[in-house]
Amino acid sequence: MPKLFRVVLRSALTSLVFFYGTSHSYGNCEAPAYREGRRVPNSASYVLLNISLRPENFAREKLICLASVLKEKYQGPVAAIKIFNSDEAALNYVSLGNEYANSAVLWASKLHAIYYSNIERHEEYLLLIPDGLSPSLDSPFNTRIDLPEKRKLQCKLQIRDRCLIEFDHISASKEYGSGAVTLTGQIMPDGTVSEVVVADPDANPLSSRIAVAEFATRNLRSWRFEPSLTKDEIRILYSVKQVDAPFEEGVDALALTKNDPFLLG
Amino acid sequence: MYAFTSSGTLLWTVPNDTPQIATSDGGVIGSSGVEYDQYGNADGQTEIPSPSPGQSSPGWWPNWSGMSYSVTNSSNVQYEYLFSNLATGYASVAGANPSGTGTALLNIETDEGIPQWRYPLGSRDVPACLLVGANKVELGLGVRTPYNEEIALLYEEAKASLLSRGYLASLGCKALFTQNPNLAPFFNQLTSAISNQKAYDGLQSNISKYDAGVWAQQFLTIPGELEELRVTPVCWEFNRILGPWTGILAMAQFQPPKTDVYIWTGKENLSLLKQSTLLHEALHSLTGMGDATLYFVLTGKPLGRQPTHVISTFLANNGCAAN
């Protein structure tokens, strides 16, 4: 049983503070401004489009409101609209597929949500994708929000009701070894994580201590949560374990808070 | 016959003749067999073969190799030929191409008298790739593009060498595979995978990626991926409408029969297509692993943002193919 860490739980934050650019009023909500990127041609019956938002606009309420705008604007039997946090990625992204150019990985990593509707199958949902390189419906990181959303939803990965919106893909060489490290930091109002510090530097054997701590620290610094009015302190046990399975990329990372176990990859 | 300048001004006319073949010296050969210079002056007369009794003269017609031919006896299908030295450009023959189908093809140059035909040029000088179709063009066939025939030869040479020179059974390659539990089951299948591999011209194949089977099952769980596979032609991977070629050298078939591979027939593959490329693609089909997973299984390291031909290099460095 891993050591549990004290996490100060706060009430849910339901209001968001940052708005940029031209937003769209829709019903009772304010959808964030977005920019169109690449659209797949040849698709008379499909709307296959990339769009981009500013990073601070990745939040449940805003995305749900944006979905209403997208539904109204891009009508078709099937719409799959990929939502990036980078204009350049939205312009250049193509599905990675089995084989891809090296630049494609960078664009794919900026994908953090998909709006999908299929009239024939009566499906309409948003998929929140913290790891852009794991965009499938069955990824353990991704949160599907069926629309219209009827209840207060939880993200699969969240701390104090702040959904984890973004983190770097977990992938490491086998030489990294395994181990665990406790990290502390702060989730800033804009959702980024700062002041990341290793709290228990002697937790692992010397052979893996530095590598595991570096790996975990670097990864935690890549996390971005939903914006909030407050700073939230976090204390996380970050566990790295080597795996040797043909369709894994060599490492499982498990981040634990008091109430929220994160399986990262 | 009317000749115009490039700005549309009438240059000269010749009555009772029809242009058939534009020649590299700026002149033209009429259906009468008369050769005209760039000013419309008759400066030669090709000898039109005598038609059979009762048949009108068919005149000269161009063929794809830059010769002109005339049917001397249609019932016995006999021909005579002459070299024409076709002009370069989009309008070197009547009917827009030697088959007279109306599709304008560019003759980029003559190579010792042999024209090189291409579709209208895009940003990468490759055939247009706009819509999903049903074409799977075997490597080396289809329209002649600047490098497709050379790359077809390279492919065939690489395949023959890989199969005949013992690389796949070498000690180094055997060790690489058999000492890795994730790869060991595939070692004995390498030779048959290469033998059965069928190469297609990636630039000329407009079959959809879905129908080509170049996708893995797990992709279908990505919202919108199935739809995108259905409307995306294979050739887009090599010649994108909205951007340049992004560096994919070859693309393997993951779905049964798992034999096809689509090859980039651009200039870069003249140097990058190697034995190890064929093996790299065969491994995708055999294992079902994409580039990132295959590289990790082979090396124990993440592929990250490296170019994926590092997989081919790794296979060669371990003795599975020539360097």
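Can you confirm whether the range B:189-208 contains a residue that is under 30 Å from residue A:118 (Cβ atoms), within 11 Å of another protein chain (Cβ to nearest Cβ) and in contact with a Lys or Arg (Cβ under 8 Å, 6 or more places away or on another chain)? For the range B:189-208, residues under 30 Å from residue A:118 (Cβ atoms), within 11 Å of another protein chain (Cβ to nearest Cβ) and in contact with a Lys or Arg (Cβ under 8 Å, 6 or more places away or on another chain): present. For the range B:227-239, taking the residues that are within 9 Å of chain A (Cβ to nearest Cβ) and of a type in the set (A, V, I, L, M, F, W, C), the one that is surrounded by the most Cβ atoms within 10 Å (Cβ to Cβ) is identified as B:236. Identify all residues within the range B:27-50 that are touching a Gly at 6+ places or on another chain (Cβ under 6 Å) and modelled with pLDDT of 75 or more; write none if there are none. B:31, B:35, B:36, B:37, B:38, listed by residue number.
Within the group A:62, A:71, A:82, which residue is under 22 Å from residue A:147 (Cα atoms), surrounded by fewer than 21 Cβ atoms within 10 Å (Cβ to Cβ) and of a type in the set (Lys, Arg)?
Values: A:62 fails: surrounded by fewer than 21 Cβ atoms within 10 Å (Cβ to Cβ); A:82 fails: surrounded by fewer than 21 Cβ atoms within 10 Å (Cβ to Cβ).
The match here is A:71.
Is there a residue in the range A:166-173 that is over 13 Å from the mean Cα position of the chain (by Cα), crowded, with 17+ Cβ neighbours inside 10 Å and part of a strand (DSSP E or B)? No, because not a single residue in the range A:166-173 is over 13 Å from the mean Cα position of the chain (by Cα), crowded, with 17+ Cβ neighbours inside 10 Å and part of a strand (DSSP E or B). Among the residues of the range A:87-123, those identified as surrounded by fewer than 21 Cβ atoms within 10 Å (Cβ to Cβ) and more than 10 Å from chain B (Cβ to nearest Cβ) are A:87, A:88, A:119, A:120, A:121, A:122.
Exactly one residue out of B:254, B:186 is touching a Ser or Thr at 6+ places or on another chain (Cβ under 7 Å), within 14 Å of another protein chain (Cβ to nearest Cβ), at negative phi and in a loop (DSSP other than H, G, I, E, B), and it is B:254. The single condition from (1) modelled with pLDDT of 85 or more; (2) assigned to a loop (DSSP other than H, G, I, E, B); (3) over 18 Å from residue A:111 (Cα atoms) that residue A:197 fails is (2).
For the criterion of being farther than 24 Å from residue B:323 by Cβ, at pLDDT 95 or above, assigned by TED's automatic domain parsing to the domain that holds residue B:239 and of a type in the set (Ser, Thr, Tyr), residue B:200 passes. Here residue A:126 fulfils each of the conditions (1) crowded, with 21+ Cβ neighbours inside 10 Å; (2) within 29 Å of residue B:217 (Cα to Cα); (3) touching a Ser or Thr at 6+ places or on another chain (Cβ under 7 Å) apart from (3).
All conditions in (1) surrounded by 14 or more Cβ atoms within 10 Å (Cβ to Cβ); (2) under 17 Å from residue B:282 (Cα atoms); (3) under 25 Å from the mean Cα position of the chain (by Cα) hold for residue B:187, with the sole exception of (3).
Considering only the range B:1-35, state which residues are assigned to a loop (DSSP other than H, G, I, E, B) and of a type in the set (Ser, Thr, Tyr). First the steps, then the outcome.
Quick first cut of the range B:1-35, residues assigned to a loop (DSSP other than H, G, I, E, B) only: B:1, B:5-9, B:14-18, B:24-27, B:31-33.
Once the filter is applied, which keeps residues that are assigned to a loop (DSSP other than H, G, I, E, B) and of a type in the set (Ser, Thr, Tyr), the range B:1-35 yields B:5, B:6, B:7, B:9, B:18, B:24, B:31, B:32.
Any idea which residue in the range B:307-323 is farthest from the other protein chains (Cβ to nearest Cβ), counting only those that are hydroxyl-bearing (Ser, Thr, Tyr) and in a helix (DSSP H, G or I)? Break it down stepwise before answering.
Of the range B:307-323, the ones hydroxyl-bearing (Ser, Thr, Tyr) are B:308, B:312-313.
Checking which are in a helix (DSSP H, G or I) leaves us with B:312-313.
Details: B:312: 12, B:313: 14 Å.
Among residues in the range B:307-323 that are hydroxyl-bearing (Ser, Thr, Tyr) and in a helix (DSSP H, G or I), the one farthest from the other protein chains (Cβ to nearest Cβ) is B:313.
Scanning the range B:259-275 for residues that are closer than 16 Å to residue B:190 by Cα and within 12 Å of another protein chain (Cβ to nearest Cβ) yields a single hit, B:261.
Filtering the range A:147-172 to residues that are touching a His at 6+ places or on another chain (Cβ under 9 Å) and within 28 Å of residue A:122 (Cα to Cα) leaves only A:165. Among residues that are surrounded by fewer than 19 Cβ atoms within 10 Å (Cβ to Cβ), closer than 30 Å to residue B:298 by Cα, free of Cβ contacts under 8 Å to residues at least 40 places away in the same chain and of a type in the set (D, E, K, R), residue A:218 is not included. Taking the range B:257-306 as the range and being touching a Lys or Arg at 6+ places or on another chain (Cβ under 6 Å), in contact (Cβ under 8 Å) with a residue 60 or more places away in the chain and assigned to a loop (DSSP other than H, G, I, E, B) as the test, only B:259 passes.
The values are calculated or read from the model by the stated rules, or taken from the named source; none is laboratory data. Just so you know, these numbers come straight off a predicted model, no measurement behind them. FYI the Cβ positions are ideal-geometry reconstructions off the backbone, even for glycines, and counts take in every protein chain you see.
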